[in-house]
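Read-outs: derived from the displayed coordinates by stated rules, not from any lab. All values derive from a computational prediction rather than experimental measurement. For neighbour counting, all protein chains shown are included, and Cβ atoms are generated from backbone atoms with ideal geometry for every residue, glycine included.
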Amino acid sequence: VAKDLAADEEASEARRKKGRKKGRGKDRESDDAHTVPTLMVERAPDEPAPRSALRTKRTTQEGSGSGAGGDTGDLKDGLLRLPKHVTISASDTMALYRGEQSMGTRIADYLREHSNDMQLLTQVDEVEEDNAARKTPASKLSTLMGVYIPCVQNIFGVVLFLELAAIVGEIGIIYTMLIILLCTACTVLTTLSMSAIATNGLVPGGGSYYMISRSLGPEFGGAVGILFFLGTSIAASMYITGVVQAAAAQWPVLVNWSQEWSRRVLGTVVLAAGSAIVGGGVRTATIFGNLSLGAVITVILLLFAGFFSSGAIYPMSEEDDPLGVTRGITGWSSETLAQNVFAEPGVVDYSCSPGEAPAEIPVMSISLFFVKLALFFPSVTGIMAGSNRSDALADPSKSIPIGTLGAILTTTTTYLLATLFFGWTIESWRLLCKSPVVAAQMVWPSKFIGIVGIILSSFGAGIQSLFGAPRLLSAILKDGVLPALSRFFPSKTSGEPLRELGLTAFIAWVFIVIGNGDLTVILPIQTMFFLLCYAFVNVACFLFSFLKLPNWRPSWRYYSVWSALAGLILSFSMMFIANWAIALVSVVIATAIWIYIHYRGAQANWGDGLRGAKVQMARATLLSVDPMEVVHTKNWRPQVLAFAAVDEDNAPRDARFFCLLSQLKKAQGLTIVATVLRGTARKRAPDIRVAVEFLNKTMHRSGLRGFAEVIASESKWDAIDHLIQHSGLGALEPNTVLLGWPSDRHIQSRRFAAKYVQTLQTAIGLGKTVVVARGIDNFPGNTEYMSGTIDIWWILHDGGVLLMLPYLLQQHRVWRNCKLRLFTVAYLLDNSLKMERDLKAYLAQLRIEAEVHVIEMSDTQISDYVQQKTIQITHRRQRYEKLGLKKSEAAEALYIGQAKPSGGVKGGNVEEGTELSPMRKALRGGAGKARQGGDEEGEQDDDDEEEEEQEQEEDSDEGEGAGVHDLLQDATLRHVHSAALLNTKIREQAQDAALVLVNLPSKSVKSNFEYLEYVNTLSEGVDRMLLIRGSGKEVITEYL
C-alpha cells in the first residue's frame, strides 16, 4: 500500500511539472478539471445580485463585446445565470472542511501515516555479532513456514519418545487414545478462541501474554503471563531432563557414579550449554532450532518405519539377542494387541533389566487415568507458536487458524497411530520399561540413531524454551505491570535479554534438581500452567463474544460464544481433576500476582473485555434500580457531592479534604468531587483536563474511589447550583453535599454571604443533607491516628444523619480509637434525668455505643461578648443605611481589603486620574489603605453587571433597608446569645474531643451575612467541626 501511494504521488507531481512547462497547452486544460457549470441561483426580482465568491476567468470569445468582465451573465425570470467559465482553485474544492483540519487529518495523509506505521511494525531486529541491532524489513511468512512448522516443532517433544509407551502399557490403548482426544479437544477449542483474538488485531510481541493482557487487562495478563513464563521455564527443564533420561538409558556409565546427584549434575551441564547457545544470539538459537526440527521429523519417520518393518525383524531368538534387549517386542501380533487394548493388571515374570524387580501393571482407575492425563498434556502444548508470529505473517486471519489446526491434526494423528502401533507390537510389561528406551529400540535401522535423534530433538526444544521465556518476561516488564521485577530487569531496546535468561535458567535448574531425571515429577506442574493460560484465552474470547463490543471484529469466523465457554470449562476441569493440589497452588499464585498488579502495578487501559463487562453490568444494574423509588432507611448511605477548591495551577489546595471523604468510605457510597473554573468551557478546555487529572491523582493518593467533575462557567455560584441539581445518574445521585466553611474575610462580604447561603438553601430545598466542614486544615490525614472523643451535639432531630456519620467515621482506622459522646440540650421545663435514660435506651436499640450527656441551657444572662457582637452586627447595618449606599457598594465596603478590580483600581492600588466613589474615599481615609493584590477567589466571585442587578433586587426583597433599627434589637440579641452560649458549652466539653459534630441552624433571619455571623459564633474556637443539616428523611432505624 505504501509503495502504491508513493507511486501515485510521484505520478501526480510529474503531471504538475509537465503542466507548468507547457503553459496553456492541453495538459493545463486537463488540469482545469474543476470547471463549474452554469449555476442557477433563484432570488427575488427586487433582490440585488449577490457578489460571487468565485473567481471569474477572463476569456476572449469571437463575436463578443469588449467588456471588462467578458461574459458577465444575465438575469431572467428571477434566476441569476453565472458565466460559464467560472473556476475555483483545486485547494478550494473542500473549503467546507478546511477549518477542521486542526481537529482531524485528511484521509490521504492518514492513510500515508498508517502505511508507514505498518511498515515500522513489520520490521524485525537482526542482532549482529557485535550486538548492534540493525532494522531490516521482515519477509512475510506463509502458513507453512510461519505457523504450521513452528507449531509442529513445539508440540512434538520428549513425551512422544519417553512417556507415551509407558502410558499405553499402564492404561491400555483405548484409555490412552481417550486422553489424546480429550487433550486435543481442549487445544482445538482454545485454537478457535485464539484465532479469533489473534485476527482481531496485530499481536506484535509477547504472544499469549499480549493477547490475554489486551483482552482481560494488565492484572489478568500479568498474572497469566508470569505463569506462562514459569511454564515455559519448566518446559526447558522437562526437555533437558529428557536429554538426561535418554542419555542415561543409552550410556549408563554417565549416571552410575552417584544415584542421587549424577542426573542433576548432567542436567546442569546440559542447561549451561543451552543457555550459552541462547545467549549467543538469535542466529545460534535458530541454527539449533532447525537442527532440532530436522531431528524430530527424522526420528518420527524412522520410528514408523521401524513399526512397519517390525513384523520381519521381531521377535528375535536368543541367539540373535543373547542379552534379551528385545524381549517383549513381538512385532505385529493380534495377541499383543488384544492384551494392550485394556491393560491387564498384575505382576509379570519379566524385568526390564537384569537385577531389577519384575514389572507390575497397576489396576485401572479414574485417578490413574487423570494422572496419566497430566503427564501427557504437555505433549499437546505449543499451539501458540503461530500466533506469536502474527505480525510477520502474510495473511494472519488465514494462516493462524489453518496452520494451527493443521499442526494439531498432524500431531494428533501421529499420537493416535503411535499409540496403536506401540500396543500392537510390544507387550505391556515391556512398554513400562524406561531403560532401554522402547521408542529408540523401534527406530529403524538402529536404536543408536533413535537415541541420538531423541537427544537432539529434546535439546533443541529446550533451547527454544530458553529462547522464548526471557522474551516473554521482557514483554511483560516493558509494559511496567510488575514494578518490583522492573527494578532488577531494566528494559533494553536491543540485544539479548541476558538477565531474563539468567532467571529462566535458574528456574529450570531448580526443577531439574527437583525432578532428578524423572519426567513424571515435572510434567504435572507444567500442565497446570499451560491449562490456566488456555483457560484465560477462552475467557477473553467468551467475554468479547458475549458483550458484542464494537471493536470485536475478528477475521476468523468459525467460533462462537459456546465454543469459548466449552474450552473454558474443559480447561479448568482438567486442571483440578488431574491434580487439584498443584492446580490450587497455580490459582493462588495467579491471584497473588493479580492483587499485586491491581494495587501496585501499572494502571493501563488497553480496552480490555473486563472493563467492557463492568460497563455492561453497571448499566444493567443502574437500569434495574428505579430512580423514582424511595430509598429505604436501611439502604441509605451518604452519596457525597463535595466541592474542592483549586489553586492557580488547577491543583487541589488541601489534600485533607479528600482524606475526610475517604474516611467515610465505609459507607460504600458514591463520591463525586467537583470544582468550578471561571470562564467558558471552550477557552478553559485544557485547564479542565488538567484539573480532572489533578483531582483523580489526589483521590487515588487519598485512597478515595469516586469521580472527578470539573466544569467551567462565567458564574461560579450558578455552576455550583447546576452541579447540585444535575450530578449523578439515575438512582445514583448525590444525597449529601459537602462544603468547606468560608474564611472570616468572605463571611464579612455581603455578596459572598448571599451566594453561599443561597447554595445551602438550594441543597436543602432539593432534599440533600448538607455537611459543612470547619477547620479542614486541622483534619487528620489517612496515616494519622486520632484519640479522644467524637462529640455529637444533637440539638434537633432531622433524620438521624448526625448519628450515622460519626458511626461511619469510627469504622475507619483513623478514628477507630475515638469514643462517641452524645450531648443534647435540656430546656427549663425538660426532665434531664428522663432524657438521659431515654437516650441510652434509644442508642442501645440503634446498636451504637456512646456516652450520653444532657446539658441544661438555663443561663439567661447576656454576656459582654454577646452585647459587643450584637452591637457590631447592628452598627454595620446602620452604617450602610445612613450612607445611603447601593447594595453593591455596601457589599464592596464590607471588607476593606477586598477591592473589586474594576475601573482604575486593580489589586487595591489606585491609578492616577481615577475617580473614586464616596464610600471608597471614606474607607481609604478612615481605615487606611486597602490590602495589596486582592484574592483570587474573591475575583472569581464577581459576576457581570446583570447578575449584580439581580442580586440587588433579591437583597431588596429581604427588607434589610426598610429603616433604621434599634442598636440592640431583640432578634439579633437572641440569636447571638444562643450561638455564643452553645459555643461556650461545646468548648467546655471539647477538652479531649478530636471532632465535634453539631446541627447546622436553619436560616431564621432575613440577612445572609448575619446568618453566617451566627453560625460563625456557634463554631468558632473549635479545631475540627462538622455542621450537619439533615434532609428530614430517616436514615437510621432501630428495626430489623
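The overall shape of region 143-598, judged from the alpha-carbon gyration tensor, is prolate: a/c is not under 1.5, and a/b is greater than b/c. Within the shell defined by Cβ-Cβ distances under 14 Å, the residues around Ile790 carry a net charge of -1, with Lys and Arg each +1 and Asp and Glu each -1. Among 776-789, 558-571, sorting by the average number of other beta carbon atoms lying within 10 angstrom of each residue, highest first, gives 558-571, 776-789. Among Trp717, Trp332, Trp552, the order by Cβ neighbours within 10 angstrom, fewest to most, reads Trp332, Trp552, Trp717.
Under 5 Å from the amide H of Leu393 lie the amide H atoms of Leu141, each residue being 5 or more positions distant or on a separate chain, with H modelled from the backbone and absent for Pro and chain starts.
Under the combined filter of DSSP loop state and at most 12 neighbouring Cβ atoms within 10 Å, region 1001-1037 retains none of its trypsin sites (Lys or Arg not before Pro). Phi angles of region 556-572 translate, via the Karplus equation with coefficients 6.51, -1.76, 1.60 and θ = phi - 60°, into HN-Hα couplings of 7, 9, 8, 8, 7, 5, 6, 5, 5, 5, 5, x, 5, 5, 5, 5, 5 Hz per residue; Gly and Pro are given as x.
Taking amide H as placed 1.01 Å from N in the peptide plane, Gly788 has its amide H under 5 Å from the amide H of Lys819, each at least 5 places away in sequence or on another chain.
Need one word for region 634-772: rounded, prolate or oblate. Basis is the Cα gyration tensor (sqrt eigenvalues a ≥ b ≥ c); a/c below 1.5 gives rounded, then a/b vs b/c decides. It is rounded, given that a/c, with a ≥ b ≥ c, falls under 1.5. Expressed to the nearest 5 percent, the antiparallel share of DSSP beta bridges inside region 643-734 is 20 percent. Electrostatic bookkeeping for Ser1031 treats Lys and Arg as +1 and Asp and Glu as -1; over the other residues with beta carbon under 12 Å from its beta carbon, the sum is +1. Karplus-derived 3J(HN,Hα) values for region 816-826, using 6.51 cos²θ - 1.76 cosθ + 1.60 with θ = phi - 60°, are 5, 8, 8, 9, 8, 10, 10, 10, 9, 10, 10 Hz; glycine and proline are entered as x. For region 998-1037, rounded, prolate or oblate, judged on the Cα gyration tensor with a ≥ b ≥ c (square roots of eigenvalues), a/c < 1.5 rounded, else prolate if a/b > b/c? Note, shape of region 998-1037 comes out oblate.
To make sure I understand, if each residue's beta carbon is the centre and we count other beta carbons within 10 Å, what order do Arg678, Arg553 fall in, fewest to most?
So the ranking, lowest neighbour count to highest, is Arg553, Arg678.
All other residues whose Cβ lies under 12 angstrom from that of Gly730 are scored, Lys and Arg at +1 and Asp and Glu at -1, for a net of -2. Take the Cβ atoms of Ile287 and Met177, set R0 to 35 Å, and the FRET efficiency comes out at 0.45. Close amide H contacts of Ile855 (hydrogens built in the peptide plane, cut-off under 5 Å, sequence separation of 5 or more or a different chain): Thr824, Val825, Ala826.
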